[in-house]
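Some notes on the structure that comes next.
The values are calculated or read from the model by the stated rules, or taken from the named source; none is laboratory data. Quick caveat, the model's predicted, so the values are computed rather than measured. Here the Cβ positions follow ideal geometry from the backbone for every residue, glycine too, while neighbour counts run over all protein chains shown. Just so you know, the surface numbers come from the protein's heavy atoms only, side chains and all, with ligands and any DNA or RNA stripped out. Shrake-Rupley method; radii C 1.70, N 1.55, O 1.52, S 1.80 Å.
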Amino acid sequence: MPTVEIPSVLRPRTAGQVKIAVEAATVAEALEALCQQCPALRDQLFMQSGKLKRTVSIFLGEEDVRSDQGLA
């Protein structure tokens, strides 16, 4: 089960949680599961169009996977 590490700036939107376990096979699924558990994160992570905001960095291990293809 993947674990999402929450940066300190977003922790107020996760009730202070530092790490959140999610059930997911892809980064996109992990982000969706995270937003289902912590709905206040959705506006911080995604634009109204559903695309990930440019200011959001997503790492899988040490690899930055911000592009749409990387989320799959």
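Here are the numbers for the structure shown:
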item	result
Dipole in debye (nearest 20) - the chain, about Cα centre, beta carbon charges: Lys, Arg +1; Asp, Glu -1	360 debye
Under-5 Å amide H pairs with Ile6, H placed in peptide plane, nonlocal only	Lys19, Ile20
Within the accessible area of the chain (1.4 Å probe), percent carbon and sulfur	50 percent
Qualifying GluC sites (Glu not before Pro) in the chain, DSSP loop, other Cβ atoms within 10 Å at most 12	Glu23, Glu62
Convex hull volume per residue in cubic angstrom - Cα atoms of the chain	87 Å³
Per-residue ³J(HN,Hα) for the stretch 48-60, Karplus 6.51 cos²θ - 1.76 cosθ + 1.60, θ = phi - 60°, Hz, x for Gly and Pro	4, 6, x, 7, 5, 5, 5, 7, 9, 9, 10, 10, 10
Stretchable slack from Val56 to Leu10, in nm (0.36 nm times residue separation minus alpha-carbon distance)	15.5 nm
Estimated vicinal HN-Hα couplings, Hz - the stretch 19-27 in sequence order (Karplus 6.51, -1.76, 1.60; Gly, Pro = x)	10, 10, 7, 9, 9, 6, 9, 10, 5
MRE, 222 nm, helices only [DSSP H, n ≥ 4, -39500 (n - 2.57), over the chain, to nearest 500]	-6000 deg cm²/dmol
Amide H within-cut-off set for Phe46, under 5 Å, with H built and near neighbours excluded	Lys53
Local electrostatic count, Pro2, Cβ distance below 13 Å [Lys/Arg +1, Asp/Glu -1]	-3
